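K.L.:
Questions regarding the structure given below will be posed in turn.
The values are calculated or read from the model by the stated rules, or taken from the named source; none is laboratory data. Quick caveat, the model's predicted, so the values are computed rather than measured. Virtual Cβ from ideal backbone geometry, glycine too; neighbours counted across all protein chains shown.
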Amino acid sequence: MLNWCLFLRLNKNMKIKLLNDDYIEIPDDHSVGVGFSGGVDSTLLLYILLMHSRHTVYPLTITVDNRFHRHREVASEVLAKCCKLTGNHDVIHSMIHCEDIDLSTTQNEPALKQNRFIKSGLIDRLFIGSNQLPPHGHLHTEDYKQNHQAEFARRDPDAIKPTSSHGGVFQYPLINYDKKKIRDLYNMYGIPDEVYSSTWSCSGFMDNDMWSKNRHCGKCGPCQERIYGFGKIE
């Protein structure tokens, strides 16, 4: 059971404690959405929202490549596990396939406002699990610096990034935390290891036979980032 000090109420929002003096604010009077890939970071946000939200939580699984079936499989599996562990099954899970939207830059995020949940007012904010890269010198960070400059600027380990955009519609409570701090939050909230083991972050290519045996290649940047933060891939 969580210590009572982990959350406070302020007006119509609950302030859920993160690390240091950081909080997630969850509205008492409205549903929220979470961009949910089934990865480590979005699963952390989902778990916290399931624990504390008084209204329906809308996980939105958005895929932008041909691994749609894997995203769908992992996201559904992780969601079911989180619902069971938290005892909260008040969710509506939406799968959105958008091959033409590049989510590596905040300039394209307004496209997500076309989502019917936001346009209809069913949710008033969408939580996104973008987080900070490991320190300079890490393989994944150096790759981003050289080959993915827009995403590097967004996840720069030396910069303090804003935790919301577009008038507060998009919330990034983890944007200034690297994977080691994400691990600290898993421990802080007592999220079982079985949840982490079910998440998926790999960007390496694996055929279906490899996928059925092991869902992570262990070599790509996201896999190396998992090892950096948690000391293991799965």
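K.L.:
Of all the residues that make up the stretch 60-82, how many are modelled with pLDDT of 95 or more and touching a strand residue (DSSP E or B) at 6+ places or on another chain (Cβ under 7 Å)?
P.N.:
Count: 1.
K.L.:
Please work out which residue is surrounded by the fewest Cβ atoms within 10 Å (Cβ to Cβ), limiting yourself to the stretch 173-194 and to residues that are of a type outside the set (Lys, Arg) and under 18 Å from Pro135 (Cβ atoms).
P.N.:
Restricting to residues being of a type outside the set (Lys, Arg) and under 18 Å from Pro135 (Cβ atoms), the top hit is Asp184.
Residues are listed down the side, and each one gets a yes or a no for (1) surrounded by fewer than 19 Cβ atoms within 10 Å (Cβ to Cβ); (2) in contact (Cβ under 8 Å) with a residue 40 or more places away in the chain; (3) among the charged types (D, E, K, R):
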residue: Arg154; (1), (2), (3): no, yes, yes
residue: Pro157; (1), (2), (3): yes, no, no
residue: Gly168; (1), (2), (3): yes, yes, no
residue: Gln171; (1), (2), (3): no, yes, no
residue: Tyr196; (1), (2), (3): no, yes, no
residue: Gly204; (1), (2), (3): yes, no, no
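K.L.:
Can you tell me which residue in the stretch 201-230 is nearest to Val74 (Cα to Cα), limited to those that are modelled with pLDDT of 90 or more and hydrophobic (A, V, I, L, M, F, W, C)?
P.N.:
Restricting to residues being modelled with pLDDT of 90 or more and hydrophobic (A, V, I, L, M, F, W, C), the top hit is Cys223.
K.L.:
Can we say Ile191 is touching a residue at least 24 places away in the same chain (Cβ under 8 Å), over 18 Å from Gly38 (Cβ atoms) and aliphatic (A, V, I, L, M)?
P.N.:
So Ile191 fails the test.
K.L.:
Same structure again: In this structure, does Ser203 turn out to be out of contact with any Asp or Glu (no Cβ under 8 Å at 6 or more places or on another chain), closer than 25 Å to Leu46 by Cβ and of a type in the set (S, T, N, Q)?
P.N.:
yes
K.L.:
In this structure, is Pro157 over 16 Å from Asp22 (Cα atoms) and touching a His at 6+ places or on another chain (Cβ under 7 Å)?
P.N.:
When the stated conditions are applied, Pro157 passes them.
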